Each structure stands twice: as C-alpha cells, then as structure tokens.
There are 2 protein chains.
Amino acid sequence: MSLVTDSPSLPEAAADSPLLAQVQLARAAARRTATLPTAIKNAALEAMATALLEHQEAILAANQADLEQAAEQVKAGELSASAYARLKLDAQKLADAVAGVRQVLRLPDPVGQALLIRELDEGLVLERRTYPLGVLGVIFESRPDALVQIAALAVKTGNSVLLKGGSEGLCSCQALMAAIQAGLQQIPEFPQGSLQLLTSRAEVKALLQLEGLVDLIIPRGSSSFVRYIMENTRIPVLGHADGLCHLYVDRAADVDMAVRLTLDSKTQYPAACNAIETLLVHAEIAPRFLPLAVQALREKGVELRGDPRCRQLVPDLIPASEADWRTEYADLILAIKMVDSLDEAIAHIERYGSRHTEAIVTEDAAAAQRFLDEVDAAGVFHNASTRFADGFRYGLGAEVGISTQKLPPRGPVGLEGLVTYRYQLRGRGHLVADYTAPQARPFQHRDRRDRLNTTGLS
Amino acid sequence: MSLVTDSPSLPEAAADSPLLAQVQLARAAARRTATLPTAIKNAALEAMATALLEHQEAILAANQADLEQAAEQVKAGELSASAYARLKLDAQKLADAVAGVRQVLRLPDPVGQALLIRELDEGLVLERRTYPLGVLGVIFESRPDALVQIAALAVKTGNSVLLKGGSEGLCSCQALMAAIQAGLQQIPEFPQGSLQLLTSRAEVKALLQLEGLVDLIIPRGSSSFVRYIMENTRIPVLGHADGLCHLYVDRAADVDMAVRLTLDSKTQYPAACNAIETLLVHAEIAPRFLPLAVQALREKGVELRGDPRCRQLVPDLIPASEADWRTEYADLILAIKMVDSLDEAIAHIERYGSRHTEAIVTEDAAAAQRFLDEVDAAGVFHNASTRFADGFRYGLGAEVGISTQKLPPRGPVGLEGLVTYRYQLRGRGHLVADYTAPQARPFQHRDRRDRLNTTGLS
C-alpha cells in the first residue's frame, strides 16, 4: 500500500538522505514520460541502442577494469568463479543486449490502453486507462548487461528507474549508463533524470524506506538477496525468493516421456528458478521408472537423494532428510520421494512448493485435470518441462521477472507488470444527488469499447 | 508476497492458535469451491437468500439484543450514536441484503475465465485462467448486513472467508451466519468450512500473522482501523486508509457548475471516502466563485476553513492551518485554498492527496486533459462529482472495496479483485532443450482465443 505521498512524513533516515533529491527528480521525469507518445519512446530506445554500440570500446574497457579487480577477489576466495563469469561482457554479449533493446522497441506500447470505456449515463463517460507505475527501484546482482534490459523496459513503459548493480560491476554499469544517457540526450523530448544509477549499499537501504515515492521494487539475484529485500521494505516487490519446483510422475505416466521430462526439468539449466528440486514418483510406476531415471540423471552428473522407499528400489541413493524437501539446490542435485497417490503428491507440493511451477507426467486426463485445478502455483504443467516457465517462451515479449505471489501479476511478468491504471470520468457537471433516491435517475452503463479511439464521446 | 505455505515455519504464536485448525479447514474447503460449477455456486447463493428470509425473526431478535446492550453503551458514552444507527437491522435492511445476494448471483462467474490461450508450438498449449485467491480474511466494523454481502461475494468467487465483525454486533452476526449455514447445507455439493465467523480480537491478531495461509485481508472501517491492519500484517491488504479527495475549480470553470459540483462532492454524503475534504480555487475565478460557493455550502451547514488569500475575499472563514490540508474530516467541514495555476493545484494534490479520487471543474479541454494525465489517483474526474467513485456507479456490479494502492487492482474493485490466475501448460512431453541452441526449434506463439471453450487443442 502506497498511501504516503508526503515527504515530511518519511522516516527521518530517508528524509536526510541525499537520495531523496534523486528520487524527486525521477518522479518529476516520470510525470513527463507518462504521457510521451510511443514514437518518442521508441526513438529514445533506438538512440540508446545506437549509443551503446558507439561506446562499445569504453564499455568493454570498463568491464576489463572490473574483471581485473574481480580476478583478485576470486584468488582471495571473496568471489565465486560463476560470479566472475556472469560479470564478463564482450562484443557478443553487448550486441545481444542491444538486440534486446530493439526487441523491446518493437513490442506494443503498454501505456494508454483503454481497458474499459463505459457511458454511465448521457455525457458521463468512464474510461479505465493504463498508466506507468511511476518510479521503479531495480536492484540486481552481477551481470551488467541486465542494466541495459531494465533501462529499455523502463523507457518503453514510461517509468523512471533507479538502478543498483553489484559492486563488482560498478565500472561496467557506469560506462553502460554513460552510453545510454548520451543516446537519450539525442532525443530532446525525453526528460533527464528518468534513468539513474545508484552506487552504494547505503542508497539501497534508503531506497527501501521511500514508500510512496518509489512505487515498485524489483530485486534480481539469489534467494537470500531477494528475501532480504522483501523483508526490509513496505514498497511492493515484484519477484520471487524461491523456485522450489516439483515434477510428479503419476502411475499412468509414459515412462520414456517421464525420463525425458525429468532430465530436461533438472539438467537443462539447473541454476534456473524453474528447474526442479524434488521428483515425486507414484509407487506403482517407481519399479519401472526409477532405475531408468536414476541411470539417465547420473549420466548427466546429478547427485541423487532418496527417501527410504526409493532407496529400497535403488539402494545407493543418498538418504534424503526433511531438509531436502525444503531446499532449492539450484545445482545438479535432486531429491526423490515416493508417493502412494495423486493426493499425496498434491499435499507434498502444497506443503513444500514455492508456488512457482509444478508439473505432472501422466496419460490419465482426469489426473492431469485434477493436478492443474488443485495445485496452487503460478504455473501448473501437464507433460511439459518446468523449464518452459519463462516470459519469452510464453510469448510475452520482454520479461520483467517471475512473481510467485498469489495476487496478480504472477508467473512470468511482461511489460504489463510495470503499468497500472486510472479511472477517468468525464461529465458535464453530473451530480450523484440526481442518481439517489427519491428522484434516482438510473445509470445506463453502455459499453463504448467500439469507440476506442476517442478520448470521450462527442 | 505469500511464499510460505508451510505451517511449521509460522510464527509460534500463530501455530499455537486454535485459529490454525479453522484456517486449515477453510483452505481445504477452498480447494473444493475453486472448481465448483457456476450453477452450484448460484444454487448456494439462492439457498442463502431463502434461508436469510426464513430466519428473519431470529435475526431481528438477535439484533434487538445487540441494540439493547449498545443503547447502554451509548448512554455510558462508550459508543457513538452513529455506530448505534449502523448496527440497527430491520426487515427492510435485511430484504435489501437479500436482494444484494441475488444481484451477486446474476453477475458473471469471474472464475475459470481464459485470459489467454496460446499455442506455443504444435501440441504445446498455454492458458492463463482465473482462479479464486483461496482464503480471505474480512474484518469489518459495525453494520452486520456487511456480513451477508461479503459471504455472497466469497461464494460467487469460490473463496473461503473468515469474517470478524464489530463486537457490538456479535449476536446479529451469529444469527446471520446461522441462517446462511442452514441455507448452504441445502446444497450438498457446497463444502463446509468455507464461511466461518471469528468472534474475538485475539483471533484477528492471530489471523494477521498467517501469511501464506490467508491470501488477502480486506478491512472495512475507519481510517485508523484500516491503517492498524495494514501496519500489522505482511498479507496483502485490499482497501484504503484515507480518502483525502480534492475538487479543483479552474480559472476556466463554469461558475454555476462548479458550485453544484462542490455541493454534491462535499455534502451529498460527507462521511463517504469519496467526499472532498479540500477545495482548490484558481485565483482568477475566486472573486466570482467563492462568495456563491460559501453561501451555498453554509446553507447546507458546512463549516468552512480558508487560507489567508481566501479569507481576504471571505473574511469570516475560519483560518486553515497546514494540518487542515492533511485532514480527512469525513464530516461537514471543508478546507479551501487559493492557487495561482493548474500546476500549483496538481502539486498540492500530489503532496496531500491520498490517490483516491481527484476532480477538476473547467471548460478548458487542455487543462482538463493535463489534470487527468498528470494527477496520480485511482480516479481522475472532469466536470463530475467525486461521489461517483463507486463500484455500483461504475457498473462493476458488486464492490469489494476501494483500493488506493498504486498497483492493480485500484479504485473500486469488483469480483475480479478476489481472483488470481494460473498459467496452465499442456504438452506431449515437450522439452526446453529442443528450443535451445544449437538445434533451437522456433516457437509459434499462435493466439487460440478463438477456441475459448476447449480445455486444450485436439
């Protein structure tokens, strides 16, 4: 709930922060970008893309400086090798990021869409129209090219954004932002201050306090990082801390298909949030399925942990404990549990799942329908890999993030996650008293979506 | 964010609470109501309506008992006369509540709607379908007939609901709930436990801790009550603490229309959240508008407070202080401020408004458009009374509440505020590996909304 729009009532720490001036500037810019024509926003995106390519040398040099320092940290054991790999930019990655900007350019403008046009009565017209949210705070770990994607999404949706990347990529982020700003300055209609880089952790801490001035926080990074953000702000957060996904192999599964789906869901990219962590196997199919699955998974290097009943079938499984059912390995490790029924599978998922993506493998249409109806998760899949849970694969265009909250937007969120709406009502001096007893003029409530292109009835 | 579905990780206070068994029962019921056919839900609503009329005598007697005790409290100064009035039920109010149940019965079912059907590739079909949220917690002050409306909305949307009314209406709520349960028992397909009455404040406190088990909290009552709820739970809250609305009389306003809209927006029902608290008047029109408005408002008994410039024009206004710009009087009191421009009016609203409903009176189309574009509120109105901000007047059918948060749903929220959605994906063993480099089969992303009535492509 963002009810406080009033700076004097801010927490003192935030009010004292130099960040406040930056946020105020971002808010002022957002008021202007909110009503920019699509053509101007697209011109800004093209200018960004062009400038990023023109500044390639400076960007890669800055990245090289970050990498040299990071290499020292890896040697000292302060940074992981995978974080080092994610930090690395090269001409190809930059070209991919620029291609991403142009892809966002081609998406439909989510702002200014009429979701409803209704004539309440003669001359009294209600419209529900999409608007930008206002000011976004995006906090991401490593991967400097994420900055480019976020900037593009913000420009397209007419939002201002305050960006904070991981400290190990500071030079890269500064060089990317300098290029983007140089591009945007080519478009005089595009206001300054709508994209800003934050550089310190203290700023992030202050940002999380600015309820009412910052409209949405998007954290991108590890579970513990996202959880920290969620627990330390009252600003709405878009994202997910956990991706604890299950694949349930029903007694009526096609065994070969089940093995293939298990492999894809676990090993195609094990660090992804939509990879599975626990495999649930119906007891009736386990003797046929489990030996094949274990062999295939081990060929891919997956460490397997099983409950006592699975270990009766495959004795050399590592014993799984209660903690395994709660763990997102994000690695080549899989826990396996035997269940006696669809109900038991659904109950296990209700208890341990993170409401991200859950899948059933079965040839039994009724069992599949029950699973899809009764499992509460952003994605419920039948005979398909959990790895399909992704905005690009879903065809949403750009993906802002994946939300595991219960309220919409949930699941992979496209540009529409960065807009809200307002009800606009235009009258000719209409009074509620006239629609109230005793005279009580009736409402007409005529749908006028057919006049989508008007800004009011004439 | 509702990530925790797992009771062992609940706060100990909540886990110890007897409430937990009730919530678990409600969740189990919600799994069944989620997939009930519309006809069953409508039969349950009709059975509720019939039973409420059949139990009229017992309900009114219970209300009489509440009223007798409340009369003592009014005498002792422990209860306000208006709270006493809201508590009172009679045959007419009960008939109105029953009519409301039948109105909800006639609304379209918001559950099971296909928001998207897309064939990602041959045999791989994605659907985004609406589902109930799960378990709602609704906490309301006084007005026992609110229980009937909330129960009807819950049944129609397939949600379970835990209801807690004001303590002064306990007998009335128990009698209403007994009648509703008697009605629902006529429909054997409708699960028990989906509607439950809470009777103590301790239960409300425990309820607010049940993040992950309760999906949405809806508070209905005073600003301080709603604010308390919002500040004491991490469960999403639908509602608004403040309704600090403004009417801005532009220099190009029609003076007579401006007087009529001022009167309607302030006096038609001053206790409503969509009544105005502050009137902003452009300096150029003030000499013509203000004397007329002051006279008309005073005839309606409105106490007027003005800033120094307004008091130069109308010397006997009570001086307005900074505190007045922040106060939701919810009473026949109005603060008036003079501004020199549309920009100053917009800045005042940005600073003091609660993002509920804001209106401009003007004959200048460009000024109106700027106001509608630049004022950030759930409702932005041109030449219409702020009192139109209401789900029934908007034609949304039943109104769950009015939300002033920035993210959707905002403004008056109909049944669709009580549903979420899931992505369902049905395949034939589809693997993400096949859509990944080097082989990289392309996605088709064909819109299949034309096949809305199928549950998958054949």
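Some values worked out for this structure:
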item: Residue list for region A:355-393, restricted to those being in a loop (DSSP other than H, G, I, E, B) and of a type in the set (S, T, N, Q); result: A:362, A:385
item: Test: residue in region A:159-167 that is touching an Asp or Glu at 6+ places or on another chain (Cβ under 6 Å) and at negative phi; result: yes
item: Residue in region B:276-283 that is surrounded by fewer than 21 Cβ atoms within 10 Å (Cβ to Cβ), within 28 Å of the chain's Cα centre (by Cα) and either within 14 Å of chain A (Cβ to nearest Cβ) or touching a residue at least 40 places away in the same chain (Cβ under 8 Å) (or both) present; result: no
item: Residues of region A:322-360 satisfying the condition of being in contact (Cβ under 8 Å) with a residue 60 or more places away in the chain, of a type in the set (Val, Ile, Thr) and touching a Gly at 6+ places or on another chain (Cβ under 8 Å); result: A:357
item: Residue B:122 being closer than 18 Å to residue B:172 by Cβ and surrounded by fewer than 15 Cβ atoms within 10 Å (Cβ to Cβ); result: no
item: Odd one out for residue B:272 among (1) out of contact with any His (no Cβ under 8 Å at 6 or more places or on another chain); (2) modelled with pLDDT of 95 or more; result: (2)
item: Residue within region B:401-421 that is within 9 Å of chain A (Cβ to nearest Cβ), assigned to a helix (DSSP H, G or I) and surrounded by fewer than 24 Cβ atoms within 10 Å (Cβ to Cβ) present; result: no
item: In region B:377-398, the residues that are facing another protein chain (nearest Cβ under 7 Å) and not aliphatic (A, V, I, L, M); result: B:379, B:381, B:382, B:383, B:385, B:387, B:388, B:393, B:394, B:395
item: The lone exception for residue A:435 - which of (1) farther than 14 Å from residue B:126 by Cα; (2) surrounded by 19 or more Cβ atoms within 10 Å (Cβ to Cβ); (3) modelled with pLDDT under 95 it fails; result: (3)
item: Count of region B:423-432 residues which are surrounded by fewer than 20 Cβ atoms within 10 Å (Cβ to Cβ) and touching a residue at least 60 places away in the same chain (Cβ under 8 Å); result: 1
item: Qualifying position, being more than 16 Å from residue B:27 (Cα to Cα) and in contact with a Cys (Cβ under 6 Å, 6 or more places away or on another chain), among B:144, B:236; result: B:144
item: Near pairs, Cβ below 6 angstrom, 6+ apart or cross-chain, from region A:193-206 (in contact (Cβ under 8 Å) with a residue 24 or more places away in the chain) to any residue that is charged (D, E, K, R); result: A:198/A:164; A:204/A:164
item: Criterion violated by residue B:286 - all others in (1) of a type in the set (Gly, Ala, Ser); (2) crowded, with 21+ Cβ neighbours inside 10 Å; (3) in contact (Cβ under 8 Å) with a residue 60 or more places away in the chain satisfied; result: (3)
item: Filter pass, residue A:89 being away from chain B (no Cβ under 14 Å) and hydrophobic (A, V, I, L, M, F, W, C); result: yes
item: Some residue of region A:208-227 being assigned to a helix (DSSP H, G or I), hydrophobic (A, V, I, L, M, F, W, C) and under 30 Å from residue A:30 (Cβ atoms); result: yes
item: Residues of region B:301-340 that turn out to be assigned to a loop (DSSP other than H, G, I, E, B) and surrounded by 14 or more Cβ atoms within 10 Å (Cβ to Cβ), as a count; result: 11
item: Candidate set: region A:225-238, residues that are touching a residue at least 60 places away in the same chain (Cβ under 8 Å) and either more than 8 Å from chain B (Cβ to nearest Cβ) or over 29 Å from residue A:407 (Cα atoms) (or both); chosen: the one farthest from the chain's Cα centre (by Cα); result: A:234
item: Options B:74, B:98; residue that is among the hydrophobic types (A, V, I, L, M, F, W, C), free of Cβ contacts under 8 Å to residues at least 24 places away in the same chain, more than 14 Å from chain A (Cβ to nearest Cβ) and out of contact with any Asp or Glu (no Cβ under 9 Å at 6 or more places or on another chain); result: B:74
item: For residue A:253: the one exception among (1) crowded, with 23+ Cβ neighbours inside 10 Å; (2) within 27 Å of the chain's Cα centre (by Cα); (3) within 12 Å of another protein chain (Cβ to nearest Cβ); result: (2)
item: Residue selected from region A:378-398 under the condition of a type in the set (Phe, Trp, Tyr) and either within 12 Å of residue B:423 (Cα to Cα) or modelled with pLDDT of 95 or more (or both), by the criterion surrounded by the most Cβ atoms within 10 Å (Cβ to Cβ); result: A:381
item: Members of region A:247-264 found to be over 16 Å from residue A:340 (Cα atoms) and touching a Ser or Thr at 6+ places or on another chain (Cβ under 7 Å), listed by number; result: A:261, A:264
item: Test: residue in region A:243-264 that is without any contact (Cβ under 8 Å) to a residue 24 or more places away in the chain and in contact with a Leu (Cβ under 7 Å, 6 or more places away or on another chain); result: yes
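Here is a yes/no grid of residues against (1) closer than 25 Å to residue A:434 by Cβ; (2) not hydrophobic (A, V, I, L, M, F, W, C):
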residue: B:257; (1), (2): yes, no
residue: B:279; (1), (2): yes, no
residue: B:284; (1), (2): no, yes
residue: B:317; (1), (2): no, no
residue: B:339; (1), (2): no, no
residue: B:350; (1), (2): no, yes
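One line per residue, one yes/no per condition, for (1) closer than 20 Å to residue A:348 by Cβ; (2) in contact with a Phe, Trp or Tyr (Cβ under 7 Å, 6 or more places away or on another chain); (3) β-branched (Val, Ile, Thr):
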site: A:295; (1), (2), (3): no, no, no
site: A:299; (1), (2), (3): no, no, no
site: A:303; (1), (2), (3): no, no, no
site: A:310; (1), (2), (3): yes, no, no
site: A:314; (1), (2), (3): yes, no, yes
site: A:322; (1), (2), (3): yes, no, no
site: A:328; (1), (2), (3): yes, no, no
site: A:331; (1), (2), (3): no, no, no
site: A:334; (1), (2), (3): yes, no, no
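The values are calculated or read from the model by the stated rules, or taken from the named source; none is laboratory data. This structure is a prediction, so every number in the text was calculated from the model and none was measured. With ideal geometry, Cβ positions are generated from the backbone for all residues, glycine too; neighbour counts draw on all protein chains shown.
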